[in-house]
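A.B. asks: Pasting a structure below so you can have a look.
The values are calculated or read from the model by the stated rules, or taken from the named source; none is laboratory data. Every value quoted in this text rests on a predicted model; they were computed, and no experiment measured them. In this analysis, Cβ positions are derived from the backbone assuming ideal geometry, glycine residues included, and neighbour counts consider all displayed protein chains. Just the protein is used for accessible areas: all its heavy atoms, side chains included, with ligands, DNA and RNA removed. Shrake-Rupley method; radii C 1.70, N 1.55, O 1.52, S 1.80 Å.
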Amino acid sequence: MYVLGNWKMNGSPELLERFTGPLTALQGELSSQAHIGLIPPAGLLGKFPPNCEFMLGAQDVSEYEDGADTGDTSASLLKALGCKLALVGHSERRQLFGESSARVAAKASRALKQKLTPVICLGETWEQREAGDTWQVLTDQLAPVQQQLQGELARCIIAYEPVWAIGTGKTASPEQAQEVHAWIREKIGLHQVALLYGGSVKPENADELFAQKDINGGLIGGASLDIESFEKICRAGARQNK
Ligand code: 13P
């Protein structure tokens, strides 16, 4: 199981300080049951000690090689800073920064070239779900990734994050999440790819969600900013052996 904390545009050197020791100990304790990851803002990445046991991830990665792309962060720099993971296509990047699915695929491809594991985020809005468009939206988000990465998709992680459940306190029910995860697994035809659920995961609902057959972990936003909540969610992940 994977439990990844996405701090989004939150956090500080002090918060990092508070997390590093306890999370290193927790990953040591749960090493055979859970892969724990922290995905802080890019400015904090270089501040983690090199020996922290948990995985570090970036919230975004440039689709370009190092060069004249002011404001972007290259996959090679992320690698040098100790990252193992890079989120691509988070719904906030798609909505607020207009990232297309083609660009998301290019970013995933660039990350793979540097041996970073892309965490490809997908999800529909509430209006799309209500209109019965969920499968079409997910098909459209997946298509460029499938075309560009082909067999390399097997080296990625996919996170299903329904936009209507992100930061809203409204969680997809375990059945709703499982239905979409099973559909994604079938669609990509790669049974080894870890499928994570994201959207208002908390200590109170993590066990139920993680118990679903096709859910291999979680991508946690708000609850990952509190070490006690995050630890509880990591332990919920560790209780599921898949
Ligand atoms: P919340 O857990 O705050 O709903 O955020 C989910 C998310 O977007 C993680 O990437």
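A.B. asks: What is the magnitude of the charge dipole of region 1-137 about its Cα centre, with +1 placed on the Cβ of each Lys and Arg, -1 on the Cβ of each Asp and Glu, and no other charges, expressed in debye to the nearest 20?
C.D. replies: The calculation lands at about 320 debye.
A.B. asks: Give the accessible surface of region 153-220 per residue, rounded to a whole number of Å², with probe radius 1.4 Å and ligands, DNA and RNA excluded.
C.D. replies: Working: 2480 Å² over 68 residues.
Averaged over the residues of region 153-220, the accessible area is 36 Å².
A.B. asks: Run through region 43-76 and list the GluC sites (Glu not before Pro) located in a DSSP loop whose Cβ has at most 13 other Cβ atoms within 10 Å.
C.D. replies: Working: sites: E53, E63, E65; in loops: E53, E63, E65.
Within region 43-76, the qualifying GluC sites (Glu not before Pro) (loop, at most 13 other Cβ atoms within 10 Å) are E65.
A.B. asks: Here's something else I'd like to know. Work out how much length E65 to I227 would gain on full extension: take 0.36 nm times their residue separation and subtract the Cα-Cα distance, in nm to one decimal.
C.D. replies: Details: separation 162, 0.36 × 162 = 58.32 nm, distance 3.50 nm.
Extending this stretch completely gives an extra 54.8 nm.
A.B. asks: A follow-up question, please. How big is D for the chain, in µm² s⁻¹ as a whole number, if Stokes-Einstein is applied with the Kirkwood radius of its Cα pairs at 20 °C and 1.002 mPa s?
C.D. replies: Taking Rh from Cα pairs, D becomes 121 µm²/s.
A.B. asks: Considering only protein heavy atoms and a probe of 1.4 Å, how much of the accessible area of the chain is carbon and sulfur, as a whole percent?
C.D. replies: 49 percent
A.B. asks: Ranking request for peptides 40-51, 201-212: highest mean number of other beta-carbon atoms within 10 Å first, then the rest in descending order.
C.D. replies: Top to bottom by mean Cβ count within 10 Å: 201-212, 40-51.
A.B. asks: Within the P(r) computed for region 27-156, what percentage of the Cα pairs occupies the region above 26 Å?
C.D. replies: 27 percent
A.B. asks: Just the Cα atoms of region 93-234: what Rg and Dmax do they give in Å?
C.D. replies: Cα-based Rg and Dmax for region 93-234 come out at 14.7, 41 Å.
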